[in-house]
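The values are calculated or read from the model by the stated rules, or taken from the named source; none is laboratory data. Because the structure is predicted, anything quoted here is derived from the model rather than measured. Here the Cβ is made from the backbone with ideal geometry for all residues, glycine too, and neighbour counts use every protein chain on show. Protein only, heavy atoms only, side chains kept; ligands, DNA and RNA dropped before computing areas. Shrake-Rupley method; radii C 1.70, N 1.55, O 1.52, S 1.80 Å.
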Amino acid sequence: MMLKVWMPLIRIIDWLLRGFLHLITLLGIRRPVAAVLIFTTRILFLALHFIYFRFTIRGGHFIPRKGGVLIAANHQSYLDPHLVGLATFRKLTFVSKKENFEIPILGPLIELAGAHPLDRTGKGGELELFAKLLTEGHALVIFPEGTIPAEEGRLRSDIEPNTGLLQGRTGVIRL
């Protein structure tokens, strides 16, 4: 019921974001605009998390400052990409299931942030693109589980009882 009330506003915001993304792409200023937006939101969210949530970063120094690196992170909540981004002091390239790019508001935001869609059927040839990004020096973030355990009707029995994780998919190993 409440979603029906908000849907027109969500559609308008989504339309505006997709239009903005299209415009800055046409003008050739997508990369600098994205960099400014990412930097600004990063500062704001870091301040919020450090002050309000007492966010701490452990082991961040193990991530190389340059060169290709693959970050395989657990996927327990919708905040995971956000928190990985805050805990890493370099520009990240995220892998996201292609269905996320169709979600209103989220789709254009992750596209603006430089995420790459992944067709989880394995027929899209994305692994070659991701391997190329790694050789070009990108820090690529992938979630081997492929989804959040509570999402997509996954059974509780699919979750490993000791870790709370789903069985990982093979793409990260192949990369």
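Do we have VAL141 as in a strand (DSSP E or B) and modelled with pLDDT of 80 or more here?
Yes: the conditions hold for VAL141.
Give all pairs with beta carbons closer than 8 Å in which a residue from segment 92-113 that is touching a residue at least 60 places away in the same chain (Cβ under 8 Å) meets a residue that is among the charged types (D, E, K, R) and open to solvent by 40 Å² or more (accessible area, probe 1.4 Å); count only pairs at least 6 apart in sequence or on separate chains.
That search, which allows pairs on different chains as well, returns PRO104/ARG11; GLY107/ARG18; PRO108/ARG18; LEU112/ARG30.
Of all residues in segment 71-86, how many are under 17 Å from HIS138 (Cβ atoms) and either in contact with a Leu (Cβ under 6 Å, 6 or more places away or on another chain) or open to solvent by less than 40 Å² (accessible area, probe 1.4 Å) (or both)?
Final tally of qualifying residues: 4.
I need the full set of residues from segment 61-70 which are open to solvent by 80 Å² or more (accessible area, probe 1.4 Å) and either among the acidic types (Asp, Glu) or outside any helix (DSSP H, G or I) (or both), in order please.
Passing the criteria: ARG65, LYS66.
Looking only at segment 1-60, how many residues end up being of a type in the set (Phe, Trp, Tyr), within 17 Å of LEU83 (Cα to Cα) and surrounded by fewer than 12 Cβ atoms within 10 Å (Cβ to Cβ)?
The number of residues fulfilling the criteria is 3.
Run PHE101 past the list (1) farther than 30 Å from TRP6 by Cβ; (2) at pLDDT 85 or above; (3) aromatic (Phe, Trp, Tyr) and report the number of the one that doesn't hold.
It is condition (1) that PHE101 fails.
Restricting to segment 71-108, name every residue that is part of a strand (DSSP E or B) and within 15 Å of GLU145 (Cβ to Cβ).
ILE71, ALA72, PHE94, VAL95, SER96, LYS97
For segment 118-142, name all the residues that are open to solvent by less than 20 Å² (accessible area, probe 1.4 Å) and within 13 Å of VAL172 (Cβ to Cβ).
PHE130, LEU140, VAL141, ILE142
Looking only at segment 150-161, decide whether some residue is modelled with pLDDT of 90 or more and in a helix (DSSP H, G or I).
no
Please go through segment 23-45 and give me each residue that is part of a helix (DSSP H, G or I) and over 22 Å from LYS91 (Cα atoms), ordered by number.
If the condition is that a residue be part of a helix (DSSP H, G or I) and over 22 Å from LYS91 (Cα atoms), then LEU23, LEU26 are the ones that fit.
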